[in-house]
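**Q** Handing you a structure now.
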Amino acid sequence: MNFGFSIGKRSEEGRKDWKRYYDASVVAGETAFQRLAEAARNTGAYTSVGFSERGAVNGTLYNGNAIFEPGGSYKVHRKLKPTGSERVVWEDADKGYFPVTSTPLGPIGSLICWKSYMPLARVALYQKGITIYISPNTNDNPEWQATIRHIAIEGMCFFVNAGMVIRRSSYPSDLHEGDVASRFPEYACRGGSCIVDPRGHYVTEPVWDEEAVIYTELDMGLPISCKMEHDVVGHYARPDVLELNVNEK
């Protein structure tokens, strides 16, 4: 969907679809968020949820991911740079760059979709010692599977790949731009959710063309033991030669 945007002009029909999407977006901290926080509290679970975030005091949208903690608190990460034509829908992150959640399994953080192709953004998470790297995304191609296995090895962390399954029928039939959605293939995005260990091996194989709940047990000794010979922000770094400065916000 492009909400009627083209270079130098917009369409009124697309504007109506955008307003519908805006209304369905969520303000962090308001009622819908509190319900998710309550669910995390009731289940004693750490929960990662992707969402379209609406600014509380402006008309701007951000591509967001929240990690809820068992106590009910949460941290929101905003996508640093929307990709391609996403830029006409979502703004660059202006805060929530690299939040990390402390858990009994170690620090957990996330980068949304193609932000995992930003090497320095990955290092910003590695510098915080993450053991579980979460990536909500729409990348249903073999190249992405190669990418996530590389990142797991590079960061010596577990990579949780949350690939979306989007069918043509997922789009509302009454969109003003319905003719655009009607031209999509049956699967606009095929998924590919999986978990990769710090050695780059699949803990769970990718799941394609269906929604699924993936259960597994993780050996949390691996992220440290694998760093014996390769620690990208430790003994395998050269801070005297290469240095990353992160503007936290």
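The values are calculated or read from the model by the stated rules, or taken from the named source; none is laboratory data. Remember, it's a predicted structure, so these values are computed and weren't measured experimentally. Cβ: placed from backbone, ideal geometry, glycine included. Neighbour counts: every protein chain shown.
**Q** With region 26-133 as the region, which strands (runs of 3 or more DSSP E) entirely inside it contain at least 3 residues that are surrounded by fewer than 20 Cβ atoms within 10 Å (Cβ to Cβ)? Can you show your working first?
**A** Numbers: elements: 47-54, 61-68, 74-78, 108-110.
Output list reads 47-54.
**Q** Just the residues that are aromatic (Phe, Trp, Tyr) and either modelled with pLDDT under 95 or closer than 30 Å to Asp17 by Cα (or both), please, taken from region 174-214. Outline the logic, then answer.
**A** Of the residues in region 174-214, the ones aromatic (Phe, Trp, Tyr) are 184, 187, 202, 208.
Within region 174-214, Phe184, Tyr187, Trp208 meet the criteria.
**Q** Is it the case that Glu211 is among the acidic types (Asp, Glu), surrounded by fewer than 18 Cβ atoms within 10 Å (Cβ to Cβ) and more than 26 Å from Ala66 (Cβ to Cβ)? Step through it out loud before you land on a result.
**A** On the way: among the acidic types (Asp, Glu): yes; surrounded by fewer than 18 Cβ atoms within 10 Å (Cβ to Cβ): yes; more than 26 Å from Ala66 (Cβ to Cβ): no.
Judged against the criteria, Glu211 is not a match.
**Q** What single numbered condition from (1) more than 17 Å from Ser193 (Cβ to Cβ); (2) without any contact (Cβ under 8 Å) to a residue 12 or more places away in the chain fails to hold for Pro142?
**A** Looking at each condition in turn, Pro142 falls short on (1).
**Q** Give me the pairs: first residue in region 172-200 and free of Cβ contacts under 8 Å to residues at least 24 places away in the same chain and buried (at least 16 other Cβ atoms within 10 Å of the Cβ), second residue polar (S, T, N, Q) and not in a loop (DSSP other than H, G, I, E, B), beta-carbon distance under 8 Å, and six or more apart or on different chains, which are they?
**A** Taking only residues 6 or more apart or on different chains, the pairs are Ala188/Ser170.
**Q** Here's another thing I want to ask about it. Restrict the check to region 225-248 and report whether at least one residue is surrounded by 10 or more Cβ atoms within 10 Å (Cβ to Cβ), free of Cβ contacts under 8 Å to residues at least 40 places away in the same chain and part of a helix (DSSP H, G or I).
**A** Checked region 225-248: at least one residue is surrounded by 10 or more Cβ atoms within 10 Å (Cβ to Cβ), free of Cβ contacts under 8 Å to residues at least 40 places away in the same chain and part of a helix (DSSP H, G or I).
**Q** Condition first: more than 28 Å from Thr103 (Cα to Cα), hydroxyl-bearing (Ser, Thr, Tyr), part of a strand (DSSP E or B) and more than 17 Å from the chain's Cα centre (by Cα). Can you find one or more residues in region 174-193 that meet it? Walk me through how you get there before you give the answer.
**A** Taking region 174-193 first, the residues more than 28 Å from Thr103 (Cα to Cα) are 174-190.
Within this subset, residues satisfying the condition of being hydroxyl-bearing (Ser, Thr, Tyr) are 182, 187.
Adding the requirement that they be part of a strand (DSSP E or B) leaves 187.
Now restrict to residues that are more than 17 Å from the chain's Cα centre (by Cα): 187.
Yes, some residue in region 174-193 is more than 28 Å from Thr103 (Cα to Cα), hydroxyl-bearing (Ser, Thr, Tyr), part of a strand (DSSP E or B) and more than 17 Å from the chain's Cα centre (by Cα).
**Q** A follow-up question, please. Working only within region 27-83, note down all residues that are of a type in the set (Ser, Thr, Tyr), under 22 Å from Ala93 (Cα atoms) and in contact with an Asp or Glu (Cβ under 7 Å, 6 or more places away or on another chain). Let's see the steps before the verdict.
**A** Initially, region 27-83 is screened for residues of a type in the set (Ser, Thr, Tyr), giving 31, 43, 46-48, 52, 60, 62, 73-74, 83.
Within this subset, residues satisfying the condition of being under 22 Å from Ala93 (Cα atoms) are 47-48, 52, 60, 62, 73-74, 83.
Matches in region 27-83: Thr60, Tyr62.
**Q** Given the options Ile151, Ile132, name the one that is of a type in the set (A, V, I, L, M, F, W, C), more than 23 Å from Pro82 (Cβ to Cβ) and touching a strand residue (DSSP E or B) at 6+ places or on another chain (Cβ under 6 Å).
**A** On the way: Ile151 fails: more than 23 Å from Pro82 (Cβ to Cβ).
One residue alone meets the criteria, Ile132.
**Q** Next up: Conditions: (1) part of a strand (DSSP E or B); (2) in contact with a helix residue (DSSP H, G or I) (Cβ under 8 Å, 6 or more places away or on another chain); (3) surrounded by fewer than 16 Cβ atoms within 10 Å (Cβ to Cβ). Asn161 meets all but one. Number of the miss?
**A** Here Asn161 meets the rest and fails (3).
**Q** Here is a follow-up. Which pairs have Cβ atoms under 8 Å, sit 6 or more apart or on different chains, and link a residue in region 32-46 that is closer than 8 Å to Phe68 by Cβ to one that is polar (S, T, N, Q) and not in a helix (DSSP H, G or I)?
**A** Sorted first by the residue in region 32-46, then by its partner, the pairs are Leu36/Thr47; Ala37/Ser73; Ala39/Thr47; Ala40/Thr47; Tyr46/Thr101; Tyr46/Thr103.
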